[in-house]
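First comes the structure, then the notes that go with it.
What follows draws every value from the coordinates through simple rules; no lab data is involved. Computed from a prediction, not measured in an experiment: that's the story for all the values here. All Cβ positions, glycine included, derive from the backbone under ideal geometry; neighbour counts span all protein chains shown.
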Amino acid sequence: MREVSEDERISLNEASRRAGVSPATLTRWAEEKIVPVRKGKWTPAAAAQARIVARMRERGHSLEELKEAGKEGKLSFGMAEDIFADTSEQFTLEEASEQIGLSVEVIERVMTVLGTPTDREPSLSGRDIEAFARMGEVAEAGLPVEALLQLTRVYAQAVRRIADAEVRLFHLFVHEPMIRDGLSEIEMAEELGDLARRTSPTSVPLFEYLHERYVRYFLEQDVVGHMESDFGGDTNLDQIRTTLCFIDLTGFTRFTEEEGDATAFSVIEQFTETVEATLPPEASIVKTIGDEVMVVSPDPATLTEWAVGFLALFTDRPKPRAGIHHGAVVFRDGDYFGSQVNLAHRVVNRALGGEVLITDEVATALGNHPDLDTDPIGEVDLKGFPVPIPLFLVRARA
C-alpha cells in the first residue's frame, strides 16, 4: 500500500470541517474502520469518504451497512465530488439581487428552472452570483426575461443530461472495474479523485467547441428558413414552419417481452445510432423517447427521401416506420409544440412496419419526384382531429 506523503496529509480538525462532523466522531469512525485512515493520518480522500458516511447516516443507514459498503468501494466517489464542491461565501436573495441587478422574483424563477427552488436553497453562493451576473448582462442587452428563462431551461436540461452521463459512465467503466480488481477503498477514492481532477478541465473547451459548432449550424438553418418562404405561407409571430418526422419501431413492446431487455436495448442503440449517422445535413434530432425519435428539417423532400432510404436498411423485426408532416409549430425550450406536432405523431401511429406515411403538405412539396412514388391511401380519421386527414404512402421508385 502506498505511503501517505506529508503534502497529502490534513489535520483532524480540517478533516472534521470537510466532513461536517465533529473530530470525536471522525476518530470513532476511524477506530471502527468505518472510514479508512492509515495510521491516524487523515487525507482529503478519507475526509471525503467521511462526508459521504455522514450524509448516508442522515438518510437512515446504519454504521454497519456503511462499513460494509466502504469495504466494497461503493463510497469512493466522495473524493471526486470534492473537486466540484462550492465553498464560496453565501448571500441572501436580497443581497444577491442588489449585486446582480436582477429582481428577487427573477432570481427565484431561475432557481426553480435549475431544479433548486429557493424554498430548498434560500441563499446563493459566490459562484451562483457570478453566473447570475452574466444573465443580468444578457437581460440588460435586451433579451426579454421570458426568453432568458427559456434559454436557461434548455441549458439546464442539456447539461443535466451531460453530467448524469459523465457520472454514470465514469462509474460503469472506471469505478466498477476498480471494485472487481480488489483495490482498497482509500486507493479507489484517491484514484477516482485524481482521474476526475485531470478530466474535468476538458469539459469546458469541449462545450465551447460544440456550442460554437451548433450555433453556426442553426444560424445557417434559420437563414434558410426565412429565405424559403415559397412553401407554407405565413405563420404567427411565435411560430415557425418546419417539417416534422416521427420514426419508431413497430411491435417494440412485444419484442422486448420476447427477447429481453438487453437485446431490446441493443436494438434501440443501433436504431438511434443509425438515425444519427444517416440524417441529411440540414435535419436534426429533437429528442428520443424509448424507441421513438423526433426529427425536424426545413426541407420536406430531403427528409422524406431520407426516411424511405432509412427504413430500407432494416429487414429484421422490429421494423421502423415513419410519419412526416410540414406545418407551423411553436418553438419553446428547445422543443416543438402544437397541433401540427400532434398530427405528425398521429400519422406515424397509422403506419405499418417499413412504411413512410406523409400528409398532403409534404406530398405537394415532393411534386413529381424522380425517385419516389406517392400513393394516396385516402382520408384517414386521426384521433384528436375533427376532420379526416389525406395521407399518402411513399415508396422508392423501382
Reachable lysines, given that their alpha-carbon falls under 19 Å from the alpha-carbon of K39 and they are not under 8 places away in the same chain = K67, K71
Sorted from fewest to most neighbouring beta carbons within 10 Å, what does the list E95, E140 look like?
-> E140, E95
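Can you give me the orientation-averaged projected area of the convex hull built on the Cα atoms of region 233-396, in nm²?
10.0
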Within straight-line cross-link reach of K41, lysines at Cα separation under 17 Å, skipping those fewer than 8 residues along the same chain = K33
Distance histogram for region 88-199 (every C-alpha pair counted, 10 angstrom bins, percent rounded to whole numbers) = 13, 33, 23, 20, 10, 1
K383: which lysines have alpha carbons under 30 Å from its alpha carbon, excluding same-chain residues fewer than 8 sequence positions away?
-> K287, K319
Ranked from fewest to most other Cβ atoms within 10 Å of their own Cβ, T263, T359, T304 fall in the order T263, T359, T304
